Amino acid sequence: MSLPPGFLDELRTRVTLSSVVGKKVTWDMRKSNLAKGDFWAPCPFHQEKSASFHVDDRKGYYYCFGCHAKGDAVTFVKDSENLSFIEAVTVLAGEAGMQMPARDPRAAEKADRRTELQQVMDEAVKFYRLQLKTAAGSAARSYLSQKRRLNEQAWDRWDIGWSPDNAQAVVAALQAKGISPDQMVASGVVAKSDNGRLYDRFHARIIFPIRDGRGRIISLGGRSLDPNARAKYLNGPETELFDKGRNLFNQSPAREAAGKGRQLIVAEGYMDVIALSEAGFSAAVAPLGTAVTEDQLRLIWRIADEPIIALDGDTAGLRAAQRVIDLALPLLEVGKALRFAILPGGMDPDDLIKANGAPAMQAVLDSAKPMVQLLWQRETEGRVFDSPERRAALDKTLRGHLARIADQSIRNHYADEMKRLRLELFGTAQYRPFQPGPFRPRGKFAPPGGALATTRSSLLAQAQGPVEETLREAVILAILILHPALIHRFESALERLDLSGDDHDTLRQMILAGADMPDLHARIAQSAPAALDAVLSRPHVAIAPPVRNLQDDDLAALCLAEELAKLEARRGARREIEDAMEDMDGLPDEGLTWRLSQAAEARHRSEKSGQNDSSDLGEDRAALSRQLQRLIDDQVWVKKNR
């Protein structure tokens, strides 16, 4: 629907932002200056105690210094009420006494249709609530009061009803209200059999109305009392009103409670939410008969920044937790997180509250774990990592999870936590990364004596290399990104490569997770553009033949083997020198001289190899191919046992 020019300006003039926001917050009068139109309050969009939410009434603009929410009156109503833009404008126009402009015929027809279907839902719920109070609803009343411990006031609060076993009862009741068969079926309350007969979709079930973000009934859920029923719980079908993947049970009351500082809890079903709310945990929601969807997760994060996923402690509950983790990983962003509360003994929240009361439930919520711990638990619990191969497999799996996190800051923090947990599991000796390099004898070869001054000042002890090694790392990463078909071939070498800097490590994780992906370059460019640009923009990388020639994987393999071999040789020499320098004060001069000579030889071999291999690849391809093929065949970059 389009609005005429000036309509929104007029609307913003008629309504003050502070009056709109003031319905959702309590102003901090110590910080606010009403005379200047300067208002402060705790933010209604995230849980906090301090007043970081600022409203400038003169400018008609709000901003939260905590979660960075910002906008005008329309934006505030839209986000706080979970409405569309036009719905938010309509709400404000009603408060301002302004007539909404005429809609186009199609939009008007669609809106009228939704209004009709909502009337059908309202009439059906009235009928079901009445049936719960009749003799036909005695079994349902007994179930609710005795097994679920809900009194009549609770039935009324949740508009709980009963659909009688007579599948024609609601059809007749709706017909008496002048509702057409088409409207009944379109609402989802009534279904049509193959022979065209109408019947109550929810007959012989306890009825739970499902409402949207504005509290309007959009569908129904039904709970059967028959232990032999094909489905214990039944949700209404997708309709013009109801998209089960975009709504939550108890959404509107939970949002209001979370805005007042209550902890948002995501449970599994209707009765869990009702039990939690009745026990004082009023900010509780549940998905509607499906696993949590991406849209629902984003909606949950709009209500609270760090909700608790409360799941049954049985196998199904744990599987549900893992599905949520897999869904959430690529959606994580700064300030948005999940915690998980796994209930004991296979209980659900309703069971736990009835058995041990609200304090027991609060204790479970207080011990909720961050998502990274459940991810680690999934990959390690019940497994034995008594071999390098098993530990390497774990590392590869964890890198795959990390690569799915789009936000680089969060990915880095997850990696740090994984390293900490790995250290706890394996211990210091097993945790220390394997550093491939030449054999380094540690024995002493002569009587004690200090190192000679000539040895201390030797050029061998001043070998330069870190900058060059970083450049070689960049070439290696660039080749693999641009030639993903080579990843499996060089996977082991890349896994144990000691990389410099977080950007290089980030690219390695994404490369290992994206083996064989033809669009790996594009994926990395989208997820880690800064890290990728830092590598590909280096002149040393840009002139590398495999970077200039993307069609020749054989050439890329030869160059990749060469770079790995040279990097391994350079680092081996550098490590010998660094270790020798550390031990200089206590190591006899003869032993030190022998070790430096070994480093010099390794360095010389590296330099000689570099000189022999530095000719242009296009001019002497055959000779270079033979030499580099030998490097590949011998796998010179692999640590050899001695």
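Compute the distance in nm between two label points, each set 7 Å from the Cα along the Cα-to-Cβ direction, one at Thr315 and one at Ser387.
Taking the two extended label points, one gets 2.7 nm.
So if I take the centroid of the Cα atoms in the stretch 123-152 and the same for the stretch 26-42, what is the distance between those two points in Å?
Cα centres, the stretch 123-152 to the stretch 26-42: 47 Å.
Once Rh is set to the Kirkwood radius over Cα pairs, what Stokes-Einstein translational diffusion coefficient, in µm²/s, holds for the stretch 192-275 at a temperature of 10 °C and a viscosity of 1.306 mPa s?
109
What dipole magnitude, in Debye to the nearest 20, does the stretch 7-96 give about its Cα centre under +1 on Lys/Arg Cβ and -1 on Asp/Glu Cβ?
In total the dipole reaches around 300 debye.
Between Lys232 and Thr470, what length in nm is gained on full extension when 0.36 nm per residue of separation is reduced by their alpha carbon distance?
Residue separation times 0.36 nm, minus the Cα-Cα distance, leaves 79.6 nm.
Determine, for Tyr270, Tyr414, the number of other Cβ atoms within 10 Å of each Cβ, and report the residues in order from fewest to most.
Going from least to most buried by this count: Tyr414, Tyr270.
Of Pro237, Gln119, Ala176, which is farthest on the positive side of the dipole of the stretch 105-242, counting Cα position, with +1 on Lys and Arg Cβ, -1 on Asp and Glu Cβ, and the Cα centre as origin?
In the stretch 105-242, that residue is Pro237.
Can you tell me which lysines have their Cα less than 20 Å from the Cα of Lys566? Leave out same-chain residues fewer than eight positions away.
Answer for Lys566, where 20 Å is the Cα cut-off: Lys608, Lys639, Lys640, listed by chain and number.
Would you mind working out the magnitude of the charge dipole of the stretch 383-431 relative to its Cα centre, with +1 at each Lys and Arg C-beta and -1 at each Asp and Glu C-beta, to the nearest 20 Debye?
120
Taking every eigenvalue of the Cα gyration tensor of the stretch 298-403, multiplying by 5 and rooting it, what semi-axes result, largest first, whole Å?
After scaling each eigenvalue by five and taking roots: 28, 19, 10 Å.
Would you mind ranking Leu486, Leu567, Leu365 so that the residue whose beta carbon has the fewest other beta carbons within 10 Å leads the list?
Leu365, Leu486, Leu567
Go through Ala286, Ile303, Gly317 and say which Cα lies farthest out towards the positive end of the charge dipole of the stretch 262-322; charges sit on Cβ, +1 for Lys and Arg, -1 for Asp and Glu.
The residue sitting most towards the positive pole is Ile303.
Using a 10 Å cut-off around each Cβ, can you sort Glu562, Glu152, Glu381, Glu306 from fewest to most neighbouring Cβ atoms?
The order, fewest Cβ neighbours first, is Glu381, Glu152, Glu306, Glu562.
Can you tell me how much longer the chain between Ser84 and Ala406 gets when fully stretched, taken as 0.36 nm per residue apart minus their C-alpha distance, in nm with one decimal?
113.2 nm
May I ask which of Lys396/Lys419; Lys244/Lys336; Lys78/Lys260; Lys147/Lys354; Lys126/Lys177 have a Cα-Cα span longer than 20 Å here?
Lys244/Lys336
What FRET efficiency do you get for Asp416 and Glu240 if R0 is 51 Å and r is their Cβ-Cβ distance, rounded to the nearest 0.05?
Here the calculated transfer efficiency is 0.60.
Mind checking the dipole of the stretch 105-242: about its Cα centre, +1 per Lys or Arg Cβ, -1 per Asp or Glu Cβ, Debye to the nearest 20?
Magnitude of the dipole: close to 480 debye.
Would you mind listing how long the stretch 383-431 runs along its three principal axes, going by Cα atoms, in whole Å with the largest first?
33, 18, 14
In the stretch 1-102, what chymotrypsin sites (Phe, Trp or Tyr not before Pro) fall in a loop by DSSP, with at most 16 other Cβ atoms inside 10 Å?
The qualifying sites are Phe65.
Where does the stretch 230-305 land on Rg(C-alpha)/(2.2 N^0.38 Å)?
Working it through for the stretch 230-305, the quotient is 1.08.
Each reported figure results from applying straightforward, stated rules to the coordinates on display, with no laboratory input. Note that this is a predicted model, so its numbers are computed, not measured. Because the Cβ atoms are built from the backbone with ideal geometry, glycine has one as well, and the counts that use them run over all protein chains shown.
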